[in-house]
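A quick write-up on the structure given underneath.
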Amino acid sequence: MLYAYNNQGNKILAQPHKKAICPSCNNKLISKCGEINIWHWSHKHNADCDTWSEGESKWHLNWKSFVKKRFCEVVIGNHRADIVHPTWIIELQKSHLSSIDICERQKFYKNMIWIVDGQKFSKNFHLVVKDLDKNIFKFKWKWARKSYYYFNNYLFIHLNHRKIFHIKKISRNCMYGWGKMYHISDFINIYMKPILKKDYKKYLTIFEDEGDSYE
């Protein structure tokens, strides 16, 4: 996880040779601040108390960098939501989820926006203009995962450092559909505005250099 609590109850990022408390289970965490992976907090035996947690990456950190830290990794029940907006939960998803996992999370969080890292499969995601004035595109998705059919109507595919695609409709086999393209800055202003840092604009180019994940 990226954030933990110090002895004063403040949310802090990992620092070398520091210890902190897990916001979910209140157990002690240790900082892992190596030269390769991003700095993060870890449970003593690397077993996260949140069963929905996936290995954070620089991609996760980049999205969270736009947001005030009190809205990041917020504990709800037995889980830590990536980003909490007054209206919805924003989940950042890099790894594959089964249809059961998707439905379970949507039932738990209710109002959700999914942001899926699509940079690895963007070459298989072919777009054809439907209405250029409205940025509406049809798509054909080669080798699409069938579980994507079970995402709700707020599924956004982060295609590259400039563009994010809102899937409005998708076929049951997930090979065809249509949606709307947004520039990253437009998406952030529309869907994240109340929780943005004052200086969020300086982070708008950070997606150009991806990498560095940890388990």
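Derivation of every value follows stated rules applied to the coordinates shown; laboratory data play no part. Computed from a predicted structure; not experimentally measured. Glycine also receives a Cβ, built like all others from the backbone with ideal geometry; neighbour counts cover every protein chain displayed.
Tabulated results
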quantity: For region 123-131, Karplus couplings with θ = phi - 60° (6.51, -1.76, 1.60), whole Hz, Gly/Pro x; calculated: 5, 9, 10, 9, 10, 10, 4, 10, 8
quantity: Cβ charges +1 (Lys, Arg) and -1 (Asp, Glu), total dipole of the chain, debye; calculated: 540
quantity: Signed unit charges on C-beta, dipole axis of region 1-146, positive-most listed residue 3, 78, 113; calculated: 113
quantity: Percent RCO, i.e. relative contact order, over the chain, from Cα pairs under 8 Å lying at least 6 residues apart; calculated: 18
quantity: For residue 168, residues with placed amide H under 5 Å, excluding near neighbours; calculated: 178, 179, 180
quantity: Net charge, residue 86 excluded, C-beta distance under 14 Å - Lys, Arg +1, Asp, Glu -1; calculated: +4
quantity: Rh (Kirkwood; distinct C-alpha pairs) - region 92-215, Å; calculated: 15.5
quantity: For the chain, alpha-carbon Rg and Dmax in angstrom; calculated: 17.7, 55
quantity: DSSP beta bridge pairing in region 52-196, given as percent antiparallel to the nearest 5; calculated: 75
quantity: Sites residue 96 and residue 8 - FRET efficiency at Förster radius 41 Å, r taken between beta-carbons, to 0.05; calculated: 0.60
quantity: Nearest-ten-degree value, helix 99-109 long axis tilted from longest Cα axis of the chain; calculated: 60
quantity: Dipole of the chain, positive end: most advanced residue of 144, 200, 175 [Cβ charges, Cα centre]; calculated: 175
quantity: Span per principal axis, largest first, for the Cα atoms of region 1-75 (Å); calculated: 27, 27, 25
